[in-house]
Amino acid sequence: MSKWRYNSIFNMTLLKFFIVGVINTALGMGIMMIMYNVFHCSYWVSTASNYIITSVIAFFVNRRITFKSKERSILQGLKFTANIVTCYLIAYGVARPLTARVLSRTGTRMVTNIAMLVGMGLFSTMNYLGQRFLVFPEKKGKS
């Protein structure tokens with residue numbers, strides 16, 4: 001990996017994204033698990049509720065604190081939304097069948113709970129890359 005690409009990914013924005021993400025993930029996990037285990041909503045309703053609520057928070061916090069973007073445009077909001085939706089569909093679309101296959105001898109409820117955790121990990125990784133390079137890219141000439 002070239003030094004530029006390495007430094008573009010592993011810098012202070014990753015640390016800030018991680019800190020914001022940990023706080024947002026704790027909130028989201030609570031929402032998701034309560035929706036699924038207490039209110040008995042489906043896998044998709046539970047995970048979507050999490051991401052709808054926490055994505056609104058993440059947009060404003062990451063734009064201002066993590067990526068220090070001063071841009072305020074509808075296009076930026078649309079790119080953020082497209083990134084979230086794409087990451088969500090891929091992460092959770094892959095997590096459930098993958099977890100079910102790996103844990104084929106485990107009960108459905110346990111598999112679904114573990115799939116939600118796997119989906120969160122996949123989502124977070126893809127989401128950081130999408131926000132870093134597509135939604136809030138560093139302006140040229142800025143270090």
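Scan segment 80-128 for residues that are in contact with a Lys or Arg (Cβ under 9 Å, 6 or more places away or on another chain) and under 16 Å from Met32 (Cβ atoms) and jot them down.
Those that are in contact with a Lys or Arg (Cβ under 9 Å, 6 or more places away or on another chain) and under 16 Å from Met32 (Cβ atoms): Val111, Thr112, Ala115, Met116, Val118, Gly119.
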Positions within segment 52-95 being modelled with pLDDT of 95 or more and either touching a strand residue (DSSP E or B) at 6+ places or on another chain (Cβ under 8 Å) or of a type in the set (D, E, K, R) (or both), in sequence order: Lys79
Residues (out of contact with any Phe, Trp or Tyr (no Cβ under 6 Å at 6 or more places or on another chain), in a helix (DSSP H, G or I) and either among the hydroxyl-bearing types (Ser, Thr, Tyr) or closer than 17 Å to Thr25 by Cα (or both)) located in segment 104-122: Thr108, Asn113, Ile114, Ala115, Met116, Leu117, Val118, Met120, Gly121, Leu122
Only one of Ile84, Ile53 that is more than 11 Å from the chain's Cα centre (by Cα) and surrounded by 12 or more Cβ atoms within 10 Å (Cβ to Cβ): Ile53
Pairs with Cβ under 9 Å, 6+ apart, first in segment 86-106 and free of Cβ contacts under 8 Å to residues at least 60 places away in the same chain and more than 14 Å from Ser124 (Cα to Cα), second loosely packed, with under 13 Cβ neighbours inside 10 Å and hydrophobic (A, V, I, L, M, F, W, C): Leu103/Met110
Candidate set from segment 34-49 (those that are closer than 16 Å to Met120 by Cα and of a type in the set (A, V, I, L, M)); member that is surrounded by the most Cβ atoms within 10 Å (Cβ to Cβ): Met35
Conditions (1) assigned to a loop (DSSP other than H, G, I, E, B); (2) on the phi < 0 side of the Ramachandran plot; number of the one not met by Arg96: (1)
Residue in segment 9-18 that is assigned to a helix (DSSP H, G or I), touching a Leu at 6+ places or on another chain (Cβ under 9 Å) and not charged (D, E, K, R) present: yes
Flag for Arg101 being loosely packed, with under 13 Cβ neighbours inside 10 Å and not in a helix (DSSP H, G or I): no
Conditions (1) within 22 Å of Thr13 (Cα to Cα); (2) part of a helix (DSSP H, G or I); (3) touching a Lys or Arg at 6+ places or on another chain (Cβ under 6 Å); number of the one not met by Ser69: (2)
Matching option when the condition is in contact with a helix residue (DSSP H, G or I) (Cβ under 7 Å, 6 or more places away or on another chain) and modelled with pLDDT under 95, among Met120, Met110, Met126: Met120
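The values are calculated or read from the model by the stated rules, or taken from the named source; none is laboratory data. Quantities reported herein were computed from a predicted structural model and do not represent experimental measurements. Glycine also receives a Cβ, built like all others from the backbone with ideal geometry; neighbour counts cover every protein chain displayed.
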